[in-house]
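Input: a single structure, listed below in structure tokens.
The values are calculated or read from the model by the stated rules, or taken from the named source; none is laboratory data. None of these values were measured; they are calculated from a predicted model. Every residue, glycine among them, receives a Cβ derived from its backbone with ideal geometry; neighbour counts consider all protein chains shown. Note: accessible area is taken over every heavy atom of the protein model, side chains too, but ligands, DNA and RNA are not part of it. Shrake-Rupley method; radii C 1.70, N 1.55, O 1.52, S 1.80 Å.
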Amino acid sequence: MPAEAASSKTAPDTAAVDAHRLVTAVAGILMAVGIKAEDAEVVATDLVDADLEGVASHGVMLLPMYVDRITKGSVSRLSAGEVVSDRGSAIVIDAGNALGQLTARQAVELAVARAQEIGMAAVAVRNGFHFGTAGRYARLMAAQNCIGIVLSNTRPLMPAPGGAEPLVGNNPIAVALPSAGEFAVEADMALSATAMGKIRLAAAAGQSIPADWALDADGNPTTDPAAAIKGMLLPAAGPKGFGLAFVIDLLCGGLSDGAVGAEVRPLYGDPSLPYRCSHFFLAIHAGHFPNAGRFAERVRDEAARVSGSKRGPGVERVYAPGELLWSTRQRSGSVCRLDAQTVRTLIDTAARAGLGNFESSLFSEKFSNPGNDK
């Protein structure tokens, strides 16, 4: 099917960009800084998919930071990590600071293959890098009849309840189940009240944030995204979110013998220093359980029960876990909607990578801010 027009004007400060063209353009930037073509395509596709799914905080806005780290040497150009321990159902990968999307897929493949053989398997990854949305890899496992569980740690971003010192990251957890329905049933969440990426988007747009998202550096609630970035995120559900984030930190970094706590460096810190995050992937093959033939059908039926449940006043639709992401992706079609700041940083990043024709490769017409048209 022919690609749609590469660009069109939507709401002020946004542009609609053909997703296929955006993948090619983003991959071109990665190749310009030394990433192999096949690897660049994988990473670019994942970033663009996040935008199509409505998760802009994990989309192409990350590319400038990725490129900075690649050029400064803290992210390697490796295609895969090294398996440093393999004890059947427990595997450890040293990612060697490669792009997280690549080593995450390596971990998923190992976990699923071993789970298909013996029922379940865990892969812990050390010396890793940002891998995008955790749910993407849980869904890859679910697509192969596995319950997929994916965890990651980050640098300390959240205080303990009542504290004013960041101790643990807003460490994400994702669980996806195989389903006979249209979408993978999944829960995917960071354990802070919101993702740091959303706060960075608010800062770039000059917008305030809700007072229950973050604290400033002195431990006071703030609506200023710049103060939040210098301060701390609040854990989701208070002590519950903090406790779960604490154990995820140790499952990822402790089992892999990688970094935990402050040993994980700031993602947007010195780009010459490795990030050093750790990941954990668990695959449980449904086929090894007595009800293997019915599990995916039961997942589908329970999801349908949620979707069809009674709605509250003024609510148009109730979504089952994973359904909103899937629905957003379906509505997006092949068009990404990017804010003006993201587009401008992409153009600037391409120029720094030596690609002077990036804007014309991305758009059929020069990008402009419709709100400023005179």
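The value of relative contact order for the chain, using C-alpha pairs under 8 Å at least six residues apart, is 23 percent. Each of Leu244, Ala203, Ala37 was placed along the dipole of the chain (beta-carbon charges, centred on the mean Cα), and the one lying farthest toward the positive end is Leu244. Across the stretch 263-332, Cα-Cα distances exceeding 17 Å account for 69% of all pairs. What you get for the chain, charging only the Cβ of Lys and Arg (+1) and of Asp and Glu (-1), is a dipole of about 240 debye around the Cα centre.
Note that the chain presents 45 Å² accessible area per residue, ligands and nucleic acids not counted, probe 1.4 Å. Based on Cα atoms of the stretch 1-129, Rg over Rh with Rh as the Kirkwood radius reads 1.06.
Along the axis of the charge dipole computed for the chain (Cβ charges of +1 for Lys and Arg, -1 for Asp and Glu, origin at the Cα centre), the listed residues Gly162, Leu99, Ser361 are led at the positive end by Gly162.
Rolling a 1.4 Å probe over the protein heavy atoms leaves Ile199 with an accessible area of roughly 0 Å².
Filter Lys240/Lys310; Lys72/Lys240; Lys198/Lys240 down to the pairs with a C-alpha to C-alpha distance above 31 Å, please. Checking Cα-Cα distances, Lys72/Lys240 exceed 31 Å.
Over all other residues within a Cβ to Cβ distance under 13 Å of Gly100, the charged ones net out to +3, with Lys and Arg as +1 and Asp and Glu as -1. Restricting attention to the chain, close to 90% of DSSP beta bridges with both partner residues there are antiparallel. Solvent-accessible surface (1.4 Å probe) assigned to Thr342 amounts to roughly 10 Å². Computed from the C-beta positions of Arg298 and Glu38, the FRET efficiency with R₀ = 45 Å rounds to 0.75. Share of carbon and sulfur in the accessible area of the chain stands at 54%, probe radius 1.4 Å.
Put simply, when 77-87, 138-148, 229-239, 305-315 are sorted by average Cβ atoms within 10 angstrom per residue, most first, you get 138-148, 229-239, 77-87, 305-315.
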